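Chemist: Sending over a structure as structure tokens; questions will come in a sec.
The values are calculated or read from the model by the stated rules, or taken from the named source; none is laboratory data. All of these numbers come straight from a predicted model, not from anything done at the bench. Cβ sites come from the backbone with ideal geometry, for glycine too, and all protein chains shown count toward neighbours. Accessible surface areas use protein heavy atoms only, side chains included; no ligands, DNA or RNA. Shrake-Rupley method; radii C 1.70, N 1.55, O 1.52, S 1.80 Å.
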Amino acid sequence: MSLLLGIDTGTSAVKVCIFDATGRMLGRGYRAYHTEHPAPGWAEIPVENWWEGFLEGLAEAAAGAGVKPRDVAAIGLSTLCAALVPLDAELNPLRPAIIFMDQRSCRQAELMREKFGEEAFSVTGNSIMPGTCSGTSMLWIMQEEPEIYRRTRYFAHGNTYMGAKLTGNVGIDPTNASYTGLFDTCNAWDWSPELARRLDIPLDLLPRVVPSTSPVGHITEDVARVTGFLPGTPVAMGGADTACSALAIGVVEARQVFESCGTSDVITICLDRPHFDRRFLNRCHVVPNRWLSHGPMSTPGAAVRWLRDQAFGAEYQLAQFTGQSIYDIMTEEAMTSPPGSRGLIFLPYMSGERAPIWDPKARGVFFGLSLATTRGDLVRAVFEGTAYGLRQIMEIAEERLGERVQEIVAVGGCSRNRFWNQIKADVLGKPITPLKFEETAVLGAAMLGGIAGGVYRDHYDAIR
């Protein structure tokens, strides 16, 4: 049976998984890294972490599956979005990737809004936000790092870089391009020459648009020697992580809804026409003639990780030796706090916020601290604050759908936390159903690889 490999370059880790054609995971590799914050409001990932993590993760996944990389029939790519990295003429990264939670380009976002006016939404389907819209980061590099801009051959996203490393070819898929502010998401599913002209961004700096199911290229001889893949193995262009998860879950028809919770927490609705809401992020799906509308909170999982590092440092170090999960330790303390966290309220805006307030200057707040406040109260307040943020987003989603969502299917690392899920269910007043299999972004990437490699006829065959 054909083996498929998915690669997910995320905010905090690279995941590499090997599947058979039925979707059964045979082996998994995982390599964590840290998002760097070199200045207040900045958020970057050294791009070398993706490639090095992939190589180590591939070896781990192959060993776990008991197979050789040469047994893999096709490969697919998933990535966090947006993650902008300029590449030089040799396809080498010129600086760390500027990711979605980065807020350095507020001035450039304002410039884009002035240049585009209403066309920003009518063409791209999105409002202009720093970081989240990678066009603002392109402008920042052009204006603030002119030497890097002079050497830039392509403004790439995460799967552009990984595809180039594996195949030597350059491309970007519609799900990623939707978050540049330069892409006609509503109609053409291609770059808008007019929007690029208004920003003086040359079109040839933007990678060619490749459908998510099409090969960006094939494994080169050099990469085959390093990885053990067969030369010529097809590599699907893939897509953004949430869009890949939607495919893996089977969310490909209008009005289907799911939650993905990791570093961010996102409510996603599938649409069969580009009827968008300004309060949400909107993009093309990996499925033709489908769109995804996202209500994204930027930092729920990141807020828990921040609290881990700032308040549970000793326990975290001990847990690494004992094998116990630090998040289990934190959750046990949260369970000692009563509902309402003894009056402590947390506003989860740790790096600005997207939905529902769209304010890059918003900041996190603990309100109601007292001498009676415990560490458990801090953790529970983070859980509760993010749950209420999710409720705001769900109310908008139900308004758009014109009906009440009866149940939320949840995926992602944070969906494993039963206590947090229960808080969300209580706040939203509806069941939260976490899937047993959480690596949906990697599975979706592998499914796209399977379509590109002819293992599946189309999306529906892959889902079946």
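Chemist: So is Arg404 modelled with pLDDT under 95 and surrounded by 13 or more Cβ atoms within 10 Å (Cβ to Cβ) or not?
Modeler: no
Chemist: Another one. From the list Glu52, Glu60, Glu48, exactly one residue is of a type outside the set (Ser, Thr, Tyr), surrounded by fewer than 20 Cβ atoms within 10 Å (Cβ to Cβ) and in contact with a Gly (Cβ under 6 Å, 6 or more places away or on another chain). Which is it?
Modeler: Glu60
Chemist: Pairs only if they're at least six apart or on different chains, beta carbon under 6 angstrom, first in region 170-197 and aliphatic (A, V, I, L, M), second part of a loop (DSSP other than H, G, I, E, B) and open to solvent by less than 10 Å² (accessible area, probe 1.4 Å); list them, first residue then second.
Modeler: Val170/Pro207; Ile172/His157; Ile172/Pro207; Leu195/Leu182; Ala196/Leu182
Chemist: In region 315-325, is there at least one residue being among the aromatic types (Phe, Trp, Tyr) and closer than 30 Å to Ser212 by Cα?
Modeler: Within region 315-325 (the criterion being among the aromatic types (Phe, Trp, Tyr) and closer than 30 Å to Ser212 by Cα), the answer is no, since none of the residues qualifies.
Chemist: While we're on this one: I'd like to know if region 139-148 contains one or more residues that are under 19 Å from the mean Cα position of the chain (by Cα) and open to solvent by less than 10 Å² (accessible area, probe 1.4 Å).
Modeler: no
Chemist: Taking Arg363, is it within 28 Å of Asp277 (Cα to Cα), outside any helix (DSSP H, G or I) and open to solvent by 70 Å² or more (accessible area, probe 1.4 Å)?
Modeler: Working: within 28 Å of Asp277 (Cα to Cα): yes; outside any helix (DSSP H, G or I): yes; open to solvent by 70 Å² or more (accessible area, probe 1.4 Å): yes.
Here the answer is yes, as Arg363 does meet what is asked.
Chemist: Being closer than 17 Å to Phe258 by Cα and open to solvent by less than 30 Å² (accessible area, probe 1.4 Å) is the filter here, so list the residues in region 436-446 that pass it. Before the answer, list the steps.
Modeler: Narrowing region 436-446 to residues closer than 17 Å to Phe258 by Cα: 436-444.
Within region 436-446, Glu439, Thr440, Ala441, Val442, Leu443, Gly444 meet the criteria.
Chemist: Among the listed residues Thr373, Thr433, Thr386, which satisfies the condition of being in contact with a helix residue (DSSP H, G or I) (Cβ under 7 Å, 6 or more places away or on another chain) and within 14 Å of Glu259 (Cα to Cα)?
Modeler: Of Thr373, Thr433, Thr386, the one residue that is in contact with a helix residue (DSSP H, G or I) (Cβ under 7 Å, 6 or more places away or on another chain) and within 14 Å of Glu259 (Cα to Cα) is Thr386.
Chemist: Same structure again: Within region 73-103, can you find the residues that are surrounded by fewer than 22 Cβ atoms within 10 Å (Cβ to Cβ) and either in contact with a Phe, Trp or Tyr (Cβ under 7 Å, 6 or more places away or on another chain) or basic (Lys, Arg) (or both)?
Modeler: Pro93, Arg95
Chemist: Given the structure, is Asp272 under 27 Å from Lys361 (Cα atoms) and not aromatic (Phe, Trp, Tyr)?
Modeler: No, not satisfied.
Chemist: A follow-up question, please. Give, as residue ranges, the helices (runs of 4 or more DSSP H) completely inside region 401-464 that count at least 1 residues that are free of Cβ contacts under 8 Å to residues at least 24 places away in the same chain.
Modeler: Counting at least 1 such residues, we get 418-428, 459-463.
Chemist: Among the numbered conditions (1) closer than 19 Å to Cys81 by Cβ; (2) of a type outside the set (Asp, Glu); (3) open to solvent by 10 Å² or more (accessible area, probe 1.4 Å), tell me where Phe280 comes up short.
Modeler: With respect to (1) closer than 19 Å to Cys81 by Cβ; (2) of a type outside the set (Asp, Glu); (3) open to solvent by 10 Å² or more (accessible area, probe 1.4 Å), Phe280 is out only on (3).
Chemist: Within region 204-218, how many residues are in a loop (DSSP other than H, G, I, E, B), open to solvent by less than 20 Å² (accessible area, probe 1.4 Å) and out of contact with any helix residue (DSSP H, G or I) (no Cβ under 6 Å at 6 or more places or on another chain)?
Modeler: Total meeting the criteria: 2.
Chemist: Taking region 127-152 as the search range and keeping residues that are out of contact with any strand residue (DSSP E or B) (no Cβ under 6 Å at 6 or more places or on another chain) and assigned to a loop (DSSP other than H, G, I, E, B), which one is farthest from Leu281 (Cα to Cα)?
Modeler: Here the answer is Glu145.
Chemist: Being among the β-branched types (Val, Ile, Thr) and either in a loop (DSSP other than H, G, I, E, B) or open to solvent by 10 Å² or more (accessible area, probe 1.4 Å) (or both) is the filter here; which residues of region 168-203 pass it?
Modeler: Selection gives Val170, Thr180, Thr185, Ile201.
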